[in-house]
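Data first, discussion second: the structure below is written as structure tokens.
The values are calculated or read from the model by the stated rules, or taken from the named source; none is laboratory data. What you see is a predicted model, and the numbers here were worked out from it, not measured in a lab. Because the Cβ atoms are built from the backbone with ideal geometry, glycine has one as well, and the counts that use them run over all protein chains shown.
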Amino acid sequence: MTDTPKLPDNPVFVALDTPDLDLALRWCEAVRGHVGGVKTGLEFFSANGADGVRTIVDTGLPIFLDLKFHDIPNTVAGAVRAVAGLGAAIVNVHASGGPAMLDAARNAAEQAGGPARPLVIAVTVLTSMDDGDLRAVGQAAPAEEQVVRLAALSRDHGLDGVVCSPAEIGPIRAACGPDFKLIVPGIRPDWAVSGDQKRITTPREARDRGADVLVIGRPITGADDPAAAAARISKELA
Ligand code: C5P
């Protein structure tokens, strides 16, 4: 097994939530030097495909490709190999795909990436789901128990960490130990509007609670001056 890939010193990954490649590239240029990397998700990928990802990779900024794979093990393995080949630094899968799928994802990253393999991260319970939603799909509530169960399962099957809300950092850290990577969205500097994020934490507090990566979108990309906003966050974390 290869060593866990190193994350950038700066924990901020900017969410490039747009289908517009030119706008994403402008954001990359603005934040370069102030952040650790960028995140692109299904919206960007569906609009721009692998070529769009390569274009972002070519900027030199580490990229978290947030595509949340969830399929049979063989298919997920193929998808992880494909995105590892694009140069993604972080990829993710749904933990609820189960043990064999998690093993397949981890092994595929290992084979595809060699020493530079991407970090393979799990999504536990989508934060858009509450206890009632969990029961509706036949899963045991409360959500926090399911989150910790899936995080521990992911760790046991060789995944590098999970995406979690600021509120979940403590319980997951307690269950999964100090080396398990915690990637945390729902971050708002105290000078930014919260928008639709409800349970929010400042960058500093999330980092102090034990987050390894802070995913921050609109406080930077929606700012009048994205470079200044990214620089301000970076300074607050220093
Ligand atoms: O603009 P904002 O900072 O809210 O963006 C946060 C990013 O993190 C978005 O790309 C969003 O989809 C993602 N995300 C989230 N909450 C989760 C998982 C991912 O906000 N539980």
Discussion item. Within region 1-80, considering only strands (runs of 3 or more DSSP E) that don't extend past its boundaries, which have at least 1 residues that are among the hydroxyl-bearing types (Ser, Thr, Tyr) and within 13 Å of the ligand (Cβ to nearest atom)?
Written reply: 37-41
Discussion item. Residues that are more than 24 Å from Asp212 (Cα to Cα) and modelled with pLDDT under 95: does region 97-111 have at least one?
Written reply: yes
Fill in: Within region 128-163, tally of residues that are touching a Gly at 6+ places or on another chain (Cβ under 9 Å) and either in a helix (DSSP H, G or I) or among the charged types (D, E, K, R) (or both)
4
Response to the item:
Here the residues within region 6-24 that are of a type outside the set (S, T, N, Q), more than 16 Å from Ala231 (Cα to Cα) and touching a helix residue (DSSP H, G or I) at 6+ places or on another chain (Cβ under 7 Å) are Leu16, Asp17, Pro19, Leu21, Ala24
Worksheet item: Within region 180-231, which residues are in a helix (DSSP H, G or I) and either touching a Phe, Trp or Tyr at 6+ places or on another chain (Cβ under 7 Å) or buried (at least 21 other Cβ atoms within 10 Å of the Cβ) (or both)?
Response: Pro203, Ala206, Pro219, Ile220, Thr221, Pro226, Ala229, Ala230
Practice prompt. State which residue is farthest from the ligand (Cβ to nearest atom) when the search covers only region 128-154 and only residues that are touching a residue at least 40 places away in the same chain (Cβ under 8 Å) and hydrophobic (A, V, I, L, M, F, W, C).
Written response: Leu153
Discussion item. Within 12 Å of the ligand (Cβ to nearest atom), within 21 Å of Ile63 (Cα to Cα) and in contact (Cβ under 8 Å) with a residue 24 or more places away in the chain: is that true of Ile200 in this structure?
Written reply: no
Practice prompt. Evaluate the following for Pro219: is it under 28 Å from Gly33 (Cα atoms), modelled with pLDDT of 95 or more and out of contact with any strand residue (DSSP E or B) (no Cβ under 6 Å at 6 or more places or on another chain)?
Written response: yes
Worksheet item: What is the one condition in (1) more than 16 Å from the ligand (Cβ to nearest atom); (2) crowded, with 21+ Cβ neighbours inside 10 Å; (3) assigned to a loop (DSSP other than H, G, I, E, B) that Val125 does not satisfy?
Response: (1)
Discussion item. Quick check on region 164-174: of everything there that is of a type in the set (A, V, I, L, M) and either surrounded by fewer than 20 Cβ atoms within 10 Å (Cβ to Cβ) or not in a helix (DSSP H, G or I) (or both), which residue is farthest from the ligand (Cβ to nearest atom)?
Written reply: Ala174
Worksheet item: Ser234 is checked against (1) assigned to a helix (DSSP H, G or I); (2) away from the ligand (no atom under 16 Å from the Cβ); (3) surrounded by fewer than 21 Cβ atoms within 10 Å (Cβ to Cβ) and fails just one. What number does that condition carry?
Response: (2)
Item to complete: Test Val91 against the stated conditions and say whether it is within 16 Å of the ligand (Cβ to nearest atom), surrounded by 17 or more Cβ atoms within 10 Å (Cβ to Cβ) and in a strand (DSSP E or B).
Response: yes
Practice prompt. Have a look at Gly177, Gly210 and point out the one that is away from the ligand (no atom under 12 Å from the Cβ), more than 17 Å from the chain's Cα centre (by Cα) and within 30 Å of Ala104 (Cβ to Cβ).
Written response: Gly177
